[in-house]
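Reviewing the structure listed below.
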Number of protein chains: 2
Amino acid sequence: MKFARDAAVDVLARTPATLGSLLGGLGEEWGRANEGPDTFSPFDVVGHLIDGEETDWVPRARIILRQEGNNLFAPYDRFRHLERNAGRLLDTLLEEFARLRAANLDIVRSWHLTPAELELPGTHPSLGPVTLRQLLATWVVHDLGHLAQVERVMAKQYRTEVGPWAEFLPVLSDREARSNR
Amino acid sequence: MKFARDAAVDVLARTPATLGSLLGGLGEEWGRANEGPDTFSPFDVVGHLIDGEETDWVPRARIILRQEGNNLFAPYDRFRHLERNAGRLLDTLLEEFARLRAANLDIVRSWHLTPAELELPGTHPSLGPVTLRQLLATWVVHDLGHLAQVERVMAKQYRTEVGPWAEFLPVLSDREARSNR
């Protein structure tokens, strides 16, 4: 499928409601469950998505749109949220994410990005040259991957409870447990 | 985490809204996308979940609760939906799933299942002895696995559009593509 600006924004706009449906009011036992040491809980995933809203997607898009100097992005801190959200509750993080996402998509829509602008280059600190189109497509895939992560983490909490059905449930053996991206 | 009847029903009750948020009104291009030959699209996943509502979870729970004969479940047809839903639209399947799920959870709640009833046995045609508790826990994990599948299928549609970011996005290399369960 080819990237399409409005379709991408539509998918991005759905993520807060999807997370709210999955996690809103669910309680901290599910919210804080994870896949073992150094893995993310649903709470951590929402915190990581908030970091993306505050430090990654729109700030990097702005660097690209400015086209000043080498368009180099600041490195992304994947663990900023651990300190930022200590003592917070999952439901307040969900509300915060929804607010930040809505504001960021308002900004993106206000740019009325043209096909030519979508091909403007930026420089990723480790990946090198990228385009605005690739950045926005990555934002979409990043959301979807983390939604799937939340569901996988939740599913694994019942790994022993399903008894012999475990062999029919591939989500329980998914190998991406250590992915914190 | 130990299985808890009311918490499990709570998670199951969320799935229609989660699917609606992900897929409602999104259009058939996303809805019919898949991971290659013999893999499920989001449309197929919703059809498969409808089959579960009509032929799997509650019918099997009823067999267990009756405790007549050998409590043997009918084999589950994982491809019933392919014929059943030919020519349908994703949005109408989403509505149908929501209606069936709500009705089934009303039935489950009406049983007021006791801890002793949750340990009652059934016989799975290939797995052998299982309990009602394991059946209900499997229903939850099955939902979560298929939600993650929908997001993975969607994410993969942008595999080439993310350019060099692909190596940072584990959802794009997930090996469970052929899982139709």
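For the reader, a short list of remarks on this structure follows.
- A single entry from A:50, A:63 fulfils the requirement of being touching a Phe, Trp or Tyr at 6+ places or on another chain (Cβ under 7 Å), modelled with pLDDT of 95 or more and open to solvent by 20 Å² or more (accessible area, probe 1.4 Å): A:63.
- Qualifying residue in segment A:140-161 (condition: among the aromatic types (Phe, Trp, Tyr) and either touching a residue at least 60 places away in the same chain (Cβ under 8 Å) or assigned to a helix (DSSP H, G or I) (or both)): no
- Consider segment A:121-160 and keep the residues that are within 7 Å of chain B (Cβ to nearest Cβ), farther than 24 Å from residue A:2 by Cβ and open to solvent by 10 Å² or more (accessible area, probe 1.4 Å). The one that is farthest from the chain's Cα centre (by Cα) is A:157.
- Residue B:83 meets each of the listed conditions (1) assigned to a helix (DSSP H, G or I); (2) buried (at least 17 other Cβ atoms within 10 Å of the Cβ) apart from (2).
- The residues of segment B:28-47 that are part of a helix (DSSP H, G or I) and surrounded by 18 or more Cβ atoms within 10 Å (Cβ to Cβ), listed by number, are B:30, B:31, B:42, B:43, B:44, B:45, B:46, B:47.
- Selected residue (only one of B:105, B:118 is in contact (Cβ under 8 Å) with a residue 40 or more places away in the chain, within 11 Å of another protein chain (Cβ to nearest Cβ) and in contact with a helix residue (DSSP H, G or I) (Cβ under 6 Å, 6 or more places away or on another chain)): B:118
The values are calculated or read from the model by the stated rules, or taken from the named source; none is laboratory data. This is a predicted model, so every value here is computed, not measured. As a convention, Cβ positions derive from the backbone with ideal geometry for all residues, glycine included, and neighbour counts pool all protein chains shown. Only protein heavy atoms, including side chains, enter the accessible area calculation; ligands, DNA and RNA are left aside. Shrake-Rupley method; radii C 1.70, N 1.55, O 1.52, S 1.80 Å.
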